1. Suppose we filter ASP55, ASP62 for residues that are more than 14 Å from the chain's Cα centre (by Cα), surrounded by fewer than 15 Cβ atoms within 10 Å (Cβ to Cβ) and at pLDDT 95 or above; which single one remains?
2. Scan the range 26-42 for residues that are assigned to a helix (DSSP H, G or I) and among the acidic types (Asp, Glu) and report the count.
3. Could you list all residues from the range 26-42 that are of a type in the set (A, V, I, L, M) and either surrounded by fewer than 22 Cβ atoms within 10 Å (Cβ to Cβ) or closer than 14 Å to GLU167 by Cβ (or both)?
4. Being touching a Ser or Thr at 6+ places or on another chain (Cβ under 9 Å), in a loop (DSSP other than H, G, I, E, B) and farther than 30 Å from PRO14 by Cβ: is that true of GLY69 here?
5. In this structure, is PRO160 loosely packed, with under 14 Cβ neighbours inside 10 Å and within 12 Å of TYR37 (Cα to Cα)?
6. Of the numbered conditions (1) in a helix (DSSP H, G or I); (2) within 19 Å of CYS82 (Cα to Cα); (3) charged (D, E, K, R), ARG177 satisfies every one except a single condition; which is it?
7. Those residues that are surrounded by 12 or more Cβ atoms within 10 Å (Cβ to Cβ), assigned to a helix (DSSP H, G or I), at pLDDT 90 or above and not basic (Lys, Arg), I need them from the range 1-25; list them, please.
8. Failed condition for ALA128, given (1) in a loop (DSSP other than H, G, I, E, B); (2) out of contact with any His (no Cβ under 8 Å at 6 or more places or on another chain); (3) surrounded by fewer than 17 Cβ atoms within 10 Å (Cβ to Cβ), with all others met?
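The values are calculated or read from the model by the stated rules, or taken from the named source; none is laboratory data. As the structure is a prediction and not an experimental result, all values here were calculated from the model. Ideal geometry is used to build each Cβ from the backbone, glycine not excepted, and the neighbour counts take in all protein chains shown.
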Amino acid sequence: MNFLGLIILLACTPTALLDFAIPKWQTDKHTRIEDAYKYLYQATRGGEHAVPSKDVAKKWLDDEWQNLGPEIKNEPTWEQLCPDGSIGRVNLRPFKDTGGKADELLEAFLASAREYKAEPAKFTDAWAELGKRLKKKKSGALDHKTWKKLDAEMKKKNYPAIHHSDEYNKANRPAYRILTLDAAQFLIPS
């Protein structure tokens, strides 16, 4: 494969994104359609929706930082969301446990939200492609019936950001911030 072919293969196109994400979702029996939606939303739109202001983002992080609870076995510090690794989640528990600083994470999060080029059309394209795939074949706990129901609800609202499913929240206690790879590389030792 030539260099251009490799770049296209790793790019965060809707097809490549789903090819990358679906196997991850299948390994977590708690992933529901809301979680797949949220994943695709974050991979294509970044974390800007979570930054109404610096003060609100700081308070939200401070509150979460103080109430993380016990570590989760094998929780990675960095989880890339796209095959090209350009954007991902920094999980707070392992980040904090390895000496990460909340104020540095906040600045990286805010910078990432400003710098990441949100692509709403890529989200809707990836979401629609997921629906097509689920119509052909169920994937883990994801099926076309629940996709169609959530799609109808979200379409009326112009596809906003949403929360994780209750089941995913209970099992995984997600606590993370969305960062670009450039910002994450300054925070997370290799």
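1. Only one candidate qualifies: ASP62.
2. 2
3. If the condition is that a residue be of a type in the set (A, V, I, L, M) and either surrounded by fewer than 22 Cβ atoms within 10 Å (Cβ to Cβ) or closer than 14 Å to GLU167 by Cβ (or both), then ILE33, ALA36 are the ones that fit.
4. Criteria not met by GLY69.
5. So PRO160 passes the test.
6. In the conditions (1) in a helix (DSSP H, G or I); (2) within 19 Å of CYS82 (Cα to Cα); (3) charged (D, E, K, R), ARG177 misses (1) alone.
7. Scanning the range 1-25 gives PRO14, THR15, ALA16, LEU17, LEU18, ASP19, PHE20, ALA21, ILE22, TRP25.
8. (1)
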